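Asker: Here you go, one structure.
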Amino acid sequence: MLRTREGKSQATFFLDRDGTVNAAPPPGLYLTRPEELRLLPGAAEAVRTLNRRGHRVVVVTNQRGVARGLVTSVELAAVERRLAELLGAEGAHWDGYYVCPHAADSCRCRKPRPGLLEAAARDIPRLSLPDAVMIGDSETDVGAGRAAGCRTVRLAPPGTPSAADLVVADLGSAVRILTEGE
């Protein structure tokens with residue numbers, strides 16, 4: 001069961017976008033059209049479960065295609081709206097959405113740096129990073145969570161080496177384990 005240090009059951013769940021909530025595009029490609037977006041099986045249900053249990057859900061995503069000129073800010077916003085629509089149709093929503101559009105690793109917000117998570121902690125009242133969980137499909141996500149002081153979950157096949165606190169196959173499995181007994 002997930003508990004904050006204060007004993008309350010509310011926590012913040014940071015979710016990577018591509019490969020965690022929606023199907024990731026092939027390597028080197030980017031989602032540029034809303035109709036390309038596909039939720040991963042069980043992702044909407046997992047987000048809805050977190051919402052219904054009073055947990056905050058914050059999407060944090062690297063989108064270097066913007067800086068490279070492969071995705072426009074208009075296209076990025078359209079994909080974000082489509083994701084909100086698909087989740088909304090399943091009774092799910094996010095409480096925050098943070099994007100790093102930079103290509104260079106020199107910015108503070110590009111995962112594995114903690115800037116996106118820290119920005120959310122500044123913007124969202126009572127968001128405690130030590131009480132938060134970062135869930136993603138890459139070690140970059142795990143690194144961002146660890147750098148911010150969060151607990152971490154890596155979505156990967158069983159036995160995958162990881163610095164994460166927990167490795168599970170998918171978002172639904174992570175949410176079931178972390179909210180068990182609530």
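Asker: Among the residues of the range 30-39, are any in contact (Cβ under 8 Å) with a residue 12 or more places away in the chain and among the hydroxyl-bearing types (Ser, Thr, Tyr)?
Answerer: yes
Asker: Oh, and also: Return the residues of the range 126-152 that are surrounded by fewer than 24 Cβ atoms within 10 Å (Cβ to Cβ), among the β-branched types (Val, Ile, Thr) and under 16 Å from ILE177 (Cβ atoms); say none if nothing qualifies.
Answerer: VAL133
Asker: Something else now. Looking at the range 54-66, can you tell me whether even one residue there is in a helix (DSSP H, G or I), crowded, with 19+ Cβ neighbours inside 10 Å and not charged (D, E, K, R)?
Answerer: Taking every residue of the range 54-66 in turn, none turns out to be in a helix (DSSP H, G or I), crowded, with 19+ Cβ neighbours inside 10 Å and not charged (D, E, K, R).
Asker: What pairs can you find where one residue is in the range 73-94 and free of Cβ contacts under 8 Å to residues at least 12 places away in the same chain, the other is surrounded by fewer than 12 Cβ atoms within 10 Å (Cβ to Cβ), and their Cβ atoms are less than 7 Å apart, with a gap of 6+ or different chains?
Answerer: none
Asker: Here's something else I'd like to know. Which condition number does LEU31 fail, the rest of (1) under 23 Å from CYS109 (Cβ atoms); (2) of a type outside the set (Phe, Trp, Tyr); (3) surrounded by fewer than 18 Cβ atoms within 10 Å (Cβ to Cβ) being met?
Answerer: Here LEU31 clears every test but (3).
Asker: Pick from ALA24, ALA44: which is of a type outside the set (Phe, Trp, Tyr) and under 30 Å from ARG126 (Cβ atoms)?
Answerer: Step by step, each of ALA24, ALA44 is checked, and only ALA44 is of a type outside the set (Phe, Trp, Tyr) and under 30 Å from ARG126 (Cβ atoms).
Asker: Mind checking whether some residue in the range 107-122 is at pLDDT below 95 and either over 15 Å from the mean Cα position of the chain (by Cα) or charged (D, E, K, R) (or both)?
Answerer: Yes: one or more hits.
Asker: Looking at (1) crowded, with 17+ Cβ neighbours inside 10 Å; (2) farther than 18 Å from THR20 by Cβ; (3) among the basic types (Lys, Arg), can you tell me which one ARG82 breaks?
Answerer: All conditions pass for ARG82, except number (2).
Asker: Working carefully through the options GLU45, GLU80, GLU75, GLU6, find the one that is modelled with pLDDT under 95 and not β-branched (Val, Ile, Thr).
Answerer: Exactly one of GLU45, GLU80, GLU75, GLU6 is modelled with pLDDT under 95 and not β-branched (Val, Ile, Thr), namely GLU6.
The values are calculated or read from the model by the stated rules, or taken from the named source; none is laboratory data. Since we're looking at a predicted model, the values are computed, not measured. Neighbour counts run over all protein chains shown; Cβ positions are idealised from the backbone, glycine included.
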